[in-house]
Structures are given as C-alpha cells and as structure tokens.
Amino acid sequence: MDTIVALATPLGRSGIGVIRLSGEDALKIAGELTGEENFDPNPREANLRKLTDPDSNELIDEALITYFKSPNSFTGEDVVEISCHGSPVLLRQVIDICLKLDARLADPGEFTLRALANGQLDLSQAEAIRDLIDANSVAMTRQAIRQLRGEFSHTLQPLKDELLNVIVVLESALEFVEDDLPDVQTKNIRDKLTEIASKLGKLTQTFQAGKLIREGIRVALVGRPNVGKSSLFNALIGQDRAIVTEIPGTTRDQLHESFTLNNIPVSLIDTAGLRETIDTVESIGVERAKRAMNDADLVVVLLDIADRFTTEDEEILNATDDLNRIIALNKNDLDPSNGIRSKIENRKSKVINISAKTGEGLDALQKSIIEPFSPDQVESSGFLVSDARHNDLLLRSKAEIETSIDQMDQKLSEEIVLIGLHNAIRYLGEITGETTTEDMLTRIFSTFCIGK
C-alpha cells in the first residue's frame, strides 16, 4: 500500500506541528529528510534530527522523529511522526518534500481507515476517534473514550454470538431435520431471541441522552426590539459578543455561540427583534429570527417588565404557544408594577424573573433551560448510544428479531424465520464494520479531519 502523509495537528501557528507518515516507505522518506541513507531508529523512541531538503541539502529545521514499527502502530503499518516547529510555512515545506519523495497526501480519515482495514480497531472505535476530537463537553469526551476503548463493541459481541448460535440451530434444522423442531427447543429459541431484542431495546433507550451530550440543544432568544436579548446573550455566554445599545433593532442577524450547562452543549442564538419594519435589512433578520424560533429545541421569550405590554409581545407569545418555551421577565431589578405578570399568568410556560444587567435569576434560567432535557440521564455512569447511525441499526436489528419471533409464533418455516435473523446480524455487523459497504465507509470517513 502506498505511503500517505498529512499534518496531524491543527492548521495555524503553534509551538509544535506534527507531520505523520504511514506506509511501507515511511522510514525511507524520513531517512531522506535526515540525510541518513540507513535511517533505522529504535521504535517508539524520539530522535532529534536535522531536516534537510534532499535537492538542495539546505537545512530546514531540527525535529523530533518517532518511528512506530508495523504492526505496533496506530495504522498497523510503519508510521513516522515528525515533530517540527509549528510554522505553517515550514510544515508545508516538509510535506511538499515528502510528496516529492513519492508519498501521497492522505484523504480525510485515511489513517484511521487504514487502522480499521488492518484490524487495529473496529468501525465504532474509529467513529469514537472523530467524536473525541469533536467533543465539546466533558461528558461527550467520556463517552467517546468509552467507545474508543471498545465498550460498545464488547457489549454487542455477546449479542451477536447468541444470535449466531440461534441461526446455526435453525440452519441445521433446515438442512438436516425433516420434522419440525421440538416444542422445547422452539421455546428456548424464542426466549433467547426475546432476550436479545430486550437488550437491544435497552441500548436504544440511552440514545436520547447520548444524542443530547453529542449534539446539545439549540436555544433561541426571541422578543421585540430592545427588551434585552443581546444583554442576556452576553450574560449567558460570559462575554460581550453581541452589541448592546439603547437603539431598537441593533441586532439585525443571528449571533451563535456555544457553551455547556451541566455537561450539556448549548447552542445559543440571539435573534433580531421581532416587529413590523420597512427596513429591508432588518426585515430579513426578522424572517431569520422566525425560522430560528421554529427550528430551536427551546425558545426563551424575553419580555421587558419595565415597559408596557405591547401587541408585539402578545403576537410573539401567541406564535410560541405551541413551542417548548420559557418566558423570561427581564429588568426585574427595576421592580416595576405595570401589570405584565397578569398578562402571562394563563400561559402554559415556566416564568423566570431575571436581570440581564445584574445577573439576578440567571442561575434559575440556566437550570430551566436544561431541565426538560433529562440531565440526570446525562450524568449516568453507563455507556450511552450517541450516534444516530448506531441507533438506527440497533432499532432495525431489534425489529427484524421481533418479526422473526412473530413468524415463529405463526409456525412459519425456519427458512422464513432466518431471513429476519440474518438481516439482524448484518445490521449489528454494520455498527462495528464487519458488514459495512464501501459507500458507507466513504461517507463516514469523509467527516474526519485530514491528519486523522
């Protein structure tokens, strides 16, 4: 297999940049970079070497070179990692020299794909590497590590083995037994299939919490102009991200920021003030605000308690009556008595008194934001299914097994019952990569970064 090369650290300036080579010529290319014809360092030892351009013999950098000998490497091939100084120009120069020496620039996720092909990990572990890199909360990091260590695969393997044992019994009956299976054996098979389906069901029940810590929740701040949405946005994320002025309509487009609450990633959206306007730019912002409001998992409707209750406030509340909503009464520090509370007392929503200026009530608001999304499940010590692909395959496998159980109850032939069981074990194999198509692998690994 040809030798691939890529930058394994993020683009941009840094103290160190790591270039990774993998393939049968990795050590040879490293030797040409160091000017040593028989470069053969001890595996897993960092070696300080001068890097030179083989064409001009010009000194490029001093770098640490670490050799990982096949098969004891991440990819299962010979791997060389070159730790240079983190200048983008320098790193590009070293990669270009590697390309001249017959290496090929790696495709997205190709190092991990080679690890999969060489049996260093299975597909669910490979996907865990991507999730670990993309993790934006401690909880997601923990789940990715558990999956990377093979916990998901180890959970599935006994179920696949038990399912395969049932298939073998039914296949044998189909081939060698003229009469139907004895009732006792049929009952044992049915009980075993019911148990497998139940265990798969328990795994799928963790998906809601797993998806939550993987993807988080979208929260939209909505309200008429100048009620304090941008001030609240800044207070929640802890920085002055949105412009705050006394002029209505300052926010004309959406602002997005992410942060975490109790290990739940939150994508917060500050929207344009909702009102009728003849300003073309502002009207576009209002339309985008309405779309964001309908796409969000949770809407926080802001009312200015220090001001009168307007028809615009009424329209916003009516538009969000059927949405997952919290009503936040802002500027509570001014202690007004204008009757706004009486206007919302019949609305079926939690009402929180806050002051974006002083911070009063923000803790209660934050707690209310994550409360509907089962944070107790997120704190569970068990493994959570967090990938929609995995959950879909688990559900399909469970459904096929349940169909086979129904067919057994109808006294249908083993040949028909086996169709669903073969489908079920194929779906479970797609999770760990045994039966995954090349198109699916291409789609999965296209989401990886180049150097991984």
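Values in this text are rule-based calculations from the coordinates and carry no lab data. Owing to the predicted nature of the structure, the values given are computational and were not obtained by experimental measurement. We place every Cβ from the backbone using ideal geometry, glycine too, and count neighbours over all the protein chains shown.
So for the pair Lys211, Leu323, with labels modelled 7 Å out along Cα→Cβ, what separation do we get in nm?
2.0 nm
For Arg44 and Thr358, what is the calculated FRET efficiency with R₀ set at 60 Å and r taken between the beta-carbons, to the nearest 0.05? Don't skip to the answer; put the middle values down first.
Numbers: r = 57 Å, r/R0 = 0.94.
Taking R0 as 60 Å, the efficiency between Arg44 and Thr358 is 0.60.
Where both residues lie in the chain, what percent of DSSP beta bridges are antiparallel, nearest 5? Could you put the intermediate results ahead of the total?
On the way: 31 of 52 bridges.
That works out to approximately 60 percent antiparallel.
If each of Glu434 and Arg389 carries a label point 7 Å out from its Cα toward its Cβ, how far apart are those two points in nm?
If labels sit at Glu434 and Arg389, their model points lie 1.8 nm apart.
Val266's amide H: which non-local residues (gap 5+, or another chain) put their own amide H closer than 5 Å, with H modeled 1.01 Å from N in plane and none for Pro or chain starts?
Answer set, sorted by chain and number: Ile217, Phe259, Thr260, Leu261.
What label, among (i) -0.34, -0.45; (ii) -0.40, -0.52; (iii) -0.57, -0.71, belongs to log10 I(q)/I(0) by the Debye sum over Cα atoms at q = 0.07, 0.08 Å⁻¹ computed from the structure on display?
Among (i) -0.34, -0.45; (ii) -0.40, -0.52; (iii) -0.57, -0.71, the one calculated here is (iii).
Hey, quick one: spin label on Lys187, modelled 7 Å out along Cα-Cβ, who in segment 390-424 has an amide N within reach, i.e. under 16 Å?
409
With +1 on the Cβ of every Lys and Arg and -1 on the Cβ of every Asp and Glu, and nothing else charged, how large is the dipole of the chain about its Cα centre, in debye rounded to the nearest 20? Don't skip to the answer; put the middle values down first.
Numbers: 49 positive and 75 negative charges, 326 e Å.
Rounded to the nearest 20 debye, it is 1560 debye.
Given labels modelled 7 Å from the Cα in the Cβ direction, how far is it in nm from Glu195 to Lys350?
With each label placed 7 Å out from Cα toward Cβ, I get 4.2 nm.
Which of Arg190, Arg443, Arg49 has the fewest other C-beta atoms within 10 Å, and how do the rest follow up to the most? Please list the in-between numbers first.
Details: Arg190 15, Arg443 11, Arg49 20.
Ranked by crowding around the Cβ, least crowded first: Arg443, Arg190, Arg49.
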